[in-house]
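The values are calculated or read from the model by the stated rules, or taken from the named source; none is laboratory data. Bear in mind that the values here come from a model prediction, so they are computed numbers and not experimental data. As a convention, Cβ positions derive from the backbone with ideal geometry for all residues, glycine included, and neighbour counts pool all protein chains shown.
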Amino acid sequence: MSPQARCGFFLFALLASAPSLGADLSRLVIPFGHSGPVRDAAISADRRWLVTGGDDGVVILWDLETGRPVSRYPEHKNAIDTIAVSRKGETIFSSQEIRRGELLQSATGAIRSKFTTEPDWIEDAALSSDGSILALSISHNDETFDVTTVDVNTGHVLRHSPLYDRRPRSLKFFANDQKLFGYIEATAVINWETRNLVEVGRSPMDAFGLAVFDDADNVQLKLTGPGRGHLALSILNDKLSPAQPTIGLPGIDGLDGHTLAVSPNRSWLAHGDTSCNIDLAYLPDPSKHTRFHAAFDRFGSTDTLVLSFLDDDHLFVGCQDGTLAVWDIGAQAQGGQPSPAISSRVNPKIEFERRAKMSFLGETTALALANTISGPRRMDVDPPPPNIRLLDAISGRDVDIAGRILALNPKNGNMLTIQRLDEDVDPPQHEFTLWSANGPTQVSSIKRGFYPASEIAYLADGQHLLYATIYGQLYQLRADSFEIETQYVPASQWRTTCLVPHPGSDLFIQCTEYGLRVFRSGNPLPIAEFNGNDVVMDAVFDTDDQSVLFAGRNGVWRFNFRTGGQPELVVPVSQWNSDPETQFVRTLAISPVDGSLVLGADGGKLISVPRSGTAFGAPRRIWGPYEDVRRVVFSPDKKLLLAANLGIDLFDAATLEPKLSVFETSNGSWIAIDPTGRFDTNNFDILGDFRWRLSGHDLLSSISFEALMEPYFTPGLIGTVLQGKLPEIVAENGLREELPEVSIDSARLIGQARAEVTVKVKPGSSAASQQTTAFNLKLFRDGQLVAGTSGEIQKSHEAKIASDGTIEVTYGVMLPRDPAVSDTVFSAYAFNGTGVRSVPSKPFHLALQGRTGQSFSKTMYVIAIGINANDNSSLVLSHAVASAEVFLDGFPRAVDLAGLHYQLVKIPIEARSPGRLIPGERKPAVLPADKKTILGVLDILAGRNANTDGWPPEIVESLKPVGADDAVVLYVAAHGIAQENVFQIMPQDTTPGFDVTSGALCSCAITDSELATSFAAIDARHLVVVLDTCSSASAVTAEGRKPGPFNGAKLGQLIYDKQMIVMSSSEPTKRATALGKTNLTQAFFDDALAAKGLWTYPSHSSLKDLLDYVELIAPSLGTAGVNEAERARFYRLSKSIEDRAREITLRQPAGLPISTDSSSGGGGEDDKP
């Protein structure tokens, strides 16, 4: 075959270079890799970028420095076979079906060109440094092979190499792109001159051989030999001459796999086989070698795709199952025995929780998610425990309920959940629990012995429950007692994959792993069925009331259950996917808006199919999620479409435009993001993994949501969307200012308990002011804010400005005194002028040495404020002092019993009725509950001066400035008022004439900002605030600027910055119910801490651990009534992922009245603060 003849096989189609954005390439970058095996991978020559292509048809660009995905490129119809990348990652090549190629710009997503090589195949590819030339290894129909070069800019074929009878492999440009490296299987290593593709060098290979060009060391490696166990390594220069003597490697098999890498110092050789087993040999002494398995075996396919030494000590390994990791060789000294261990993963840092069932409670008042399924997961991440999550449409909050599976009763709206209890009996015990349609309030609970369910569903009358076990039995149960009424097809062992009741009759569909059946309730045998020996994934009754549409292999099928017969393929997969491999439609739903069909298919495809009567139109792809779409469902109010894949995607039911995506992680965290970038979450630790591209920015310039906290964080976003409201679009023009660059220059010890830390800030330029600016510098010690500069840093008196504009600020900070702490870590960041946070500085480790054996103690200050009496007669209470005394007794006792080894200091601050308490009036001594005293106590703990005239001497002597190991706990039982976006605690000395209903602010009150300012100055390891007042949640959540998670001027900022824990007993605008009285204190702190918390776990390593456990068991405290009394929020944040912000739902204790009054005034025995 002549070169001229071969030119005719290339059919190029150049495309416009505009970005191919849209649903497939959104501005959201989530920490998720491939949903199936990875076919190929390539590392850029600068060792900065990794590109992967997989079975899922996705190309992903990864940042090797952070280990995070940077961009996902438009999903293709078919699997990606071959990947190549230019030297600095600017251009990416990928091929599909081994005949279709695509070149794109990584920064914009623009497709530079597409082409086919029919009827020839693409075996391998390489891109020149600047991405202008593409080299392809081509396989021809006559079983010959060649290398072909292509001009990327014009699409023209440049040259063909001579024909070979074996495949050219491992193509690589080198010598400033003047030469091309490769090897011909079992033949020779070859260097071609790029311009003409003529051979300019050849090094023969034996019967077996493989070779690679190593960019890091600019050498060519050839591993060759006559067979197994007789291999030798040749390291060659750019002229294919030996760079050093040949090295025998008897310990390496080499007959499996075709990947090689050598370390820059030429000491270590790595070889990967087809199972991703890595041979690592020390070249000066090949007897020192090891073999380790690098794959997590997620998908079964584990070929080694890529090996690359990032430096002499770290080896990157990419496996076909999607395992991408950097391994530390582990040799203590040169020539030591290697002991490889993973040092970092180029995989997502979190694991997602995938749902298979979604239902709405009531008229879209809450969304229930259930049926957690297993998916791709890292080896070191445990699967999430079975749970059901409710997302409330009113508050936007979430509640977890134990259980794995749910069903909604169509008549009364109640939700049934099933939780497995006892596994030691046959069949195992399960708890059937009914919950009210109004929220997570338990109605009843019954235990029954059943094998685990694969599917459950209520019939249309709500009186009967269908229950299919994982072993094939299908029962009909009474809905009230869950006793068996009917067993359908008793002899059948087919596993049920779906149960679909008819919405208006007693018919229902059973999908199985072999076909489909249609039953009439109470009749054990089906009225119609077919056995296609193939799984049916989902089904619906069609609108003609005589047919069933079902999802299965190769498309959507119609089955007439009135007449029987064979099903008819009505929507073939081939209409949107030409892949010859089998494809499945996994779920379907009929739109209540226009009767169209919505399908969820393999490869993350959400499809809309219009219809007219029984005829279906051309399918239209409306979304490109990340994994197979497992369930689609419309909301009862016909306004929303939901699709379950990697997360839960919500769409407008009429327009099919995306409205919200909710992602859950295996540790119970979630994040919700709308198409404009606004987000809400219950765990701020995951924000660094989710990223957003500002409009107009290239695909490589995404910013973490943690940095975008102020403009984009929107508490209650889920409720806003479920209620049909549209959040305001963020104006992004002002967000594109350059970010400051922050680094920690030095840290030096001053004695044993203090250090001086110097932070440098290089301001970013502002497009609006044409100046360099930086704002709000924050310094953290072990993730906790300890110092900072507010406002414009340049204007601070602490700042020193260098000639290049760099700002230097030095802070004095305290250090932990615990001798067990040998190291403390500092980090810092700042903001640009529009509130976007900079990238945090690299951690600075300060060694704390020479303290072993020193005496050490830590103190916990417990401050309990109870205000019954008040100078303002409208604010008199009767229970607040009692609540404070219960707390002051119960909390320290629980901490002491928990073995936390604190020196406890109790500070009672009270105002008893009648009148103002005189200091020293009663024993033990108490402080008066006026504003000056309360803030004065906090000032002393912060190391400030305060006027202590008239205070009991014993209390004054007990108050000391806190240290970095200490804890401060504040409890407040008093009147709380939210006015003008400000939360106020009304102290004992509230102005008598102040009208609490006027909506005005009172200078006599303690505002949330004053409280936050006081706590910001306290440098303690643990800070806990309990607000047992009306409107207490408004101390944390509010409108306005949000440089922290809730509001910059409130306690929410300290939750984020100082890892403070805040519990509030009421919603932002509501009065506290009876739970806000003594019962809340007793239930939460006395019962939870002293009783359940301590007897279950007799010891806790820290205050955080103790409160974590209380948070876990709090929802079970007391006896739940029919109606939910109140939601008390436990605001929590830590820099560690285990310590997440979650909601706790507390229930009304039996026998207590429920308050429905939402006013904020009061003054009587039963009034709530």
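For the reader, a short list of remarks on this structure follows.
- Hey, Glu732 under 25 Å from the mean Cα position of the chain (by Cα) and loosely packed, with under 12 Cβ neighbours inside 10 Å or not: no
- Pair list, Cβ < 6 Å and 6+ apart or interchain, from region 831-855 residues that are more than 30 Å from Val730 (Cα to Cα) to residues that are crowded, with 18+ Cβ neighbours inside 10 Å and among the polar types (S, T, N, Q): Pro843/Ser827; Leu846/Thr824
- For Arg195: the one exception among (1) part of a loop (DSSP other than H, G, I, E, B); (2) under 46 Å from the mean Cα position of the chain (by Cα); (3) under 17 Å from Gly131 (Cα atoms): (2)
- Any chance Glu756 is surrounded by fewer than 19 Cβ atoms within 10 Å (Cβ to Cβ), touching a residue at least 12 places away in the same chain (Cβ under 8 Å), within 22 Å of Glu710 (Cα to Cα) and out of contact with any helix residue (DSSP H, G or I) (no Cβ under 8 Å at 6 or more places or on another chain): no
- Qualifying residue in region 609-623 (condition: under 22 Å from the mean Cα position of the chain (by Cα), surrounded by 20 or more Cβ atoms within 10 Å (Cβ to Cβ) and either within 15 Å of Glu657 (Cβ to Cβ) or modelled with pLDDT of 90 or more (or both)): yes
- Of the numbered criteria (1) in a loop (DSSP other than H, G, I, E, B); (2) crowded, with 18+ Cβ neighbours inside 10 Å, the one Gly866 fails is (1).
- Residue count for region 917-942, restricted to those that are at pLDDT 95 or above and at positive phi: 0.
- Condition met for Gly131 (small (Gly, Ala, Ser) and over 20 Å from Val59 (Cα atoms)): no
- Scope region 410-429; condition in contact with an Asp or Glu (Cβ under 9 Å, 6 or more places away or on another chain) and outside any loop (DSSP other than H, G, I, E, B); matching residues: Thr417, Ile418, Gln419, Arg420, Leu421, Gln429
- Out of Val721, Val662, one residue alone is touching a residue at least 12 places away in the same chain (Cβ under 8 Å), surrounded by 22 or more Cβ atoms within 10 Å (Cβ to Cβ) and outside any strand (DSSP E or B). It is Val721.
- Some residue of region 1044-1064 being modelled with pLDDT under 75, within 25 Å of Lys858 (Cβ to Cβ) and buried (at least 24 other Cβ atoms within 10 Å of the Cβ): yes
- Criterion applied to Asp130, Asp146, Asp151 was being touching a strand residue (DSSP E or B) at 6+ places or on another chain (Cβ under 9 Å), within 23 Å of His258 (Cα to Cα) and of a type in the set (D, E, K, R), and the one residue passing it is Asp146.
- Any hit, region 224-231, residues being under 23 Å from Arg159 (Cβ atoms) and either of a type in the set (Ser, Thr, Tyr) or not assigned by TED's automatic domain parsing to the domain that holds Leu158 (or both): no
Here is a yes/no grid of residues against (1) modelled with pLDDT under 95; (2) more than 17 Å from Ala964 (Cβ to Cβ):
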position: Pro763; (1), (2): yes, yes
position: Ala767; (1), (2): yes, yes
position: Gly783; (1), (2): yes, no
position: Glu792; (1), (2): yes, yes
position: Ser803; (1), (2): yes, yes
position: Val809; (1), (2): no, yes
position: Phe831; (1), (2): yes, yes
position: Val836; (1), (2): yes, yes
position: Leu846; (1), (2): yes, no
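- Restricting region 470-495 to residues that are aliphatic (A, V, I, L, M) and in a loop (DSSP other than H, G, I, E, B), the residue that is nearest to the chain's Cα centre (by Cα) is Ile470.
- Filtered by the rule that a residue be within 22 Å of Ala731 (Cβ to Cβ) and either in contact with a Phe, Trp or Tyr (Cβ under 6 Å, 6 or more places away or on another chain) or among the aliphatic types (A, V, I, L, M) (or both), region 660-691 gives Leu660, Ala672, Ile673, Gly677, Arg678, Phe679, Leu687, Phe690.
- Per-region count, region 299-322, residues assigned to a loop (DSSP other than H, G, I, E, B) and either more than 17 Å from Glu65 (Cβ to Cβ) or among the aliphatic types (A, V, I, L, M) (or both): 9
- Of all residues in region 278-295, at least one satisfies being under 37 Å from the mean Cα position of the chain (by Cα), among the aromatic types (Phe, Trp, Tyr) and either farther than 23 Å from Gln320 by Cβ or part of a strand (DSSP E or B) (or both).
- Flag for Gly209 being free of Cβ contacts under 8 Å to residues at least 60 places away in the same chain, over 46 Å from the mean Cα position of the chain (by Cα) and either surrounded by 15 or more Cβ atoms within 10 Å (Cβ to Cβ) or on the phi > 0 side of the Ramachandran plot (or both): no
- For region 670-680, the tally of residues that are touching a residue at least 40 places away in the same chain (Cβ under 8 Å) and surrounded by 21 or more Cβ atoms within 10 Å (Cβ to Cβ) stands at 7.
- The condition of being polar (S, T, N, Q) and either part of a loop (DSSP other than H, G, I, E, B) or out of contact with any Asp or Glu (no Cβ under 7 Å at 6 or more places or on another chain) (or both) holds for only one of Thr810, Thr758, Thr852, that being Thr852.
- Residue among Asp142, Asp124, Asp165, Asp130 that alone is buried (at least 19 other Cβ atoms within 10 Å of the Cβ) and out of contact with any helix residue (DSSP H, G or I) (no Cβ under 6 Å at 6 or more places or on another chain): Asp124
- Region 155-172, residues that are in contact (Cβ under 8 Å) with a residue 40 or more places away in the chain and among the polar types (S, T, N, Q): Ser170
- Restricting attention to region 323-350, the residues that are closer than 28 Å to Pro31 by Cα and either at pLDDT 75 or above or not in a loop (DSSP other than H, G, I, E, B) (or both) total 14.
- Neighbours by Cβ (under 8 Å, 6+ apart or cross-chain): first from region 547-565, free of Cβ contacts under 8 Å to residues at least 60 places away in the same chain; second of a type in the set (Asp, Glu) and assigned to a loop (DSSP other than H, G, I, E, B): Val548/Asp542; Leu549/Asp542; Gly552/Asp534; Arg553/Asp534; Arg558/Asp542
- For region 26-83, taking the residues that are in contact with a strand residue (DSSP E or B) (Cβ under 8 Å, 6 or more places away or on another chain), assigned to a loop (DSSP other than H, G, I, E, B) and among the aliphatic types (A, V, I, L, M), the one that is farthest from Ser701 (Cα to Cα) is identified as Ala79.
- Scan of region 979-1005 for residues that are in a strand (DSSP E or B) and buried (at least 24 other Cβ atoms within 10 Å of the Cβ), ordered by number: Phe983, Gln984, Ile985, Met986
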